[in-house]
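As structure tokens, the structure follows; a few thoughts come after it.
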Amino acid sequence: MTIRRLSEATVNRIAAGEVIERPASVVKELVENALDAGAGRIEIVSGGGGTTLMRVTDDGCGMGREDLELAVERHCTSKLAEDDLADIQTLGFRGEALPSIGSVARMTIGSRRAGDESAWEVTVDGGRIAPLRPAALTAGTRIEVRDLFFTTPARLKFLKSERAEASAVSDVVRRLALAHPGVRFALVSGERTVLDLSAARGEGARAIRIGQVLGREFIDNSLEIDAEREGVRLTGFAGLPTYHRANTLQQFFFVNGRPVRDKQLLGALRGAYQDVLASHRHSVVTLYLDLDPHEVDVNVHPTKADVRFRDPGLVRGLIVGSLRAAFSQSGPRSATHTAGATLAAFRPMGTRSDPIPGQAAGSSYGGGFHGAPPANHDWRQSPFRPAESAPHADTLGGFSDVGGQADYAPPPSQQSAFDAQTAFDAQTTFDAMAALSVDRRADAVPLAEDRLKRPLGAARAQIHGTYIVAQTEDGIVIVDQHAAHERLVYERMKEAMAKTGVGRQILLIPEIVDLPADDVARLEERAGELAEAGLVLESFGPEAIAVRETPSMLGETDIKGLVRDLADDIAEWDRATGVRERLDDIAATMSCHGSVRAGRRLRPEEMDALLRDMEATPLSGQCNHGRPTYVELKLADIERLFGRR
């Protein structure tokens, strides 16, 4: 077979196939160029999901005529000093983006430096470069790309719908905006303004930008992270374990200002949330890693989405350690949206459209739980409004709980209005109240003011033998006693393991595990770490491992399966945490079986002691399975629920 040199057009199209996967890839490259040029304002316009039009305009340093001529040639760049690939401090550096885009689209670049008399413009049409010509443009650069992939129509067939491509463009811009809060970003898709993010500077700029992109709810339900270890700094915000999503789309990582989707970082994140998040849910984070450029390789993927760290163990340890420390130091906290969901469950108005039995559809509002009131309804004018004064502290609006019996006694002035329909509504209400089955009266223990000031308040009642109701200064707290005690037991077990070490059991006959030579070498290298976790092994020839001791906590376990899983774990993530994770799983299972079961009646002092232990225990806001252990409702929200506000 004869070897021949590929044509320049073919070479450019092959390069474009590596760099330009979809319209979002073009936007990424162009916006990164604008950021490297020092832009303070970047405007992006797209049409047809980016296939028919993409225009990026910035106010950066711009280019002169000579620079513009070289910019559309392959491997021409102003960002790589001294050809040092180990010292990359810009987002781009290969000099492939513009010529690659020009080889598969119709591209026009206009640019002007601040001190130049005029701007210059060049057009690249399917790889053919037209002569430069003068143009009218303010300082900065404007790049317009039309008819993407018109030279490679087969690539067009693999694109998704226009809406999906537009969404991908928006995601790219959001990620770059999160990395550079000091730059104003504007994105227009079709006739609609998708993003308009003002620049944020000074202290707190990053939090402002994160709030602009992810919403204020994320800031309110996250913990600020700021940690450093051996020259590597980690900053940003990590969502509370009870604030999570069904996918990983809201997990953002940045390395030296570069958005990345790196499996090492995602694995570290999973490790940090391992025992505080349900397995099918995903955390929400925005984390920034800053380190010496010589300690990270960003040149391992054509789109620079993956990176390689010189010391991945250091980075992983920093992420896991700093996030877990933040969770431990945060005290008992639960996501605010859990309270909103609870209030929504309590709010019956408007949740049913079925007519009340015996009442025609569309009839007037009867004051019960069925159907929404008319827009002009005023509860203060209702004959069944709460009484202005009550003869007993346990009476609320005619309801009284005396000796565990619920009776209805409307004030005399309202007796005439107590018709058959109202009796039906009242009976429905009583049925719902009776189902609560309060096991402990609120006045069983004198209410101490100092306990009201505690984060979880003072225990007032136990409901259904499962839930503790506590009163705080400005609201109420509902605690799942089993989930809460499960977390307390689990944390005590982990603390005991950390203090006394992991107990080992010596195998009477060592277990021999056959493995490939590469896996044997990896396990030998990590033998010290595995021994700390209770697993003692040594090489048994070039393709076998002898296991001599195992963690006693594991009991009778599948040793061969454990070792093989560990070898796969180390090969994929370059870590050896499988034993620790299995021990944590065992501890979690034991704590679940050893904690207070649902249905057990607690004395008032036991309920209060549980609340105090929760306040003093790290990660008590969620159980080992990631479910919230308590819900807090503010008094203002409850008053709005009942129309008092």
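The values are calculated or read from the model by the stated rules, or taken from the named source; none is laboratory data. Here the structure is a predicted model, which is why all the values come from computation and not from measurement. Backbone-built Cβ (ideal geometry, glycine too); neighbour counts: all protein chains shown. Please note that ligands, DNA and RNA were not included when accessible areas were found on the heavy atoms of the full protein model with its side chains. Shrake-Rupley method; radii C 1.70, N 1.55, O 1.52, S 1.80 Å.
Observations on the structure shown:
- Looking only at residues in the stretch 496-539 that are among the basic types (Lys, Arg) and in a helix (DSSP H, G or I), the one that is nearest to Gly313 (Cα to Cα) is Arg522.
- In the stretch 239-259, the residues that are within 20 Å of Pro628 (Cα to Cα) and assigned to a loop (DSSP other than H, G, I, E, B) reach residues that are open to solvent by less than 10 Å² (accessible area, probe 1.4 Å) and among the polar types (S, T, N, Q) with C-beta atoms within less than 6 angstrom, at least six apart or across chains, in these pairs: Leu240/Asn221; Pro241/Gln622; Thr242/Gln622; Tyr243/Asn221.
- Qualifying residue in the stretch 152-170 (condition: of a type in the set (A, V, I, L, M, F, W, C), in a helix (DSSP H, G or I), open to solvent by less than 60 Å² (accessible area, probe 1.4 Å) and closer than 22 Å to Tyr288 by Cβ): no
- Inclusion of Thr2 among residues that are within 19 Å of Arg94 (Cα to Cα) and open to solvent by 40 Å² or more (accessible area, probe 1.4 Å) is not warranted.
- Residue within the stretch 270-282 that is under 30 Å from Asn33 (Cβ atoms) and under 16 Å from the mean Cα position of the chain (by Cα) present: no
- In the set (1) part of a loop (DSSP other than H, G, I, E, B); (2) modelled with pLDDT of 80 or more; (3) open to solvent by less than 50 Å² (accessible area, probe 1.4 Å), the condition left unmet by Val631 is number (1).
- Pairs where the first residue, in the stretch 156-171, is of a type in the set (Asp, Glu) and the second is modelled with pLDDT under 90 and open to solvent by 70 Å² or more (accessible area, probe 1.4 Å), C-beta under 8 Å, 6+ apart: Asp171/Leu249
- In this structure, Gly211 does not satisfy being over 25 Å from Lys304 (Cα atoms), free of Cβ contacts under 8 Å to residues at least 24 places away in the same chain and open to solvent by 40 Å² or more (accessible area, probe 1.4 Å).
- Filtered by the rule that a residue be touching a Lys or Arg at 6+ places or on another chain (Cβ under 8 Å) and not polar (S, T, N, Q), the stretch 234-253 gives Gly236, Leu240, His244, Arg245, Ala246, Phe252, Phe253.
Conditions tested, residue by residue: (1) at pLDDT below 80; (2) open to solvent by 20 Å² or more (accessible area, probe 1.4 Å); (3) farther than 23 Å from Ser46 by Cα; (4) not in a loop (DSSP other than H, G, I, E, B).
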| residue | (1), (2), (3), (4) |
| --- | --- |
| Thr77 | yes, yes, yes, no |
| Glu82 | yes, yes, yes, yes |
| Phe93 | yes, no, yes, no |
| Glu117 | no, yes, yes, no |
| Val124 | no, no, no, yes |
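- Filtered residue count, the stretch 135-193, keeping only those that are at pLDDT below 90 and acidic (Asp, Glu): 1
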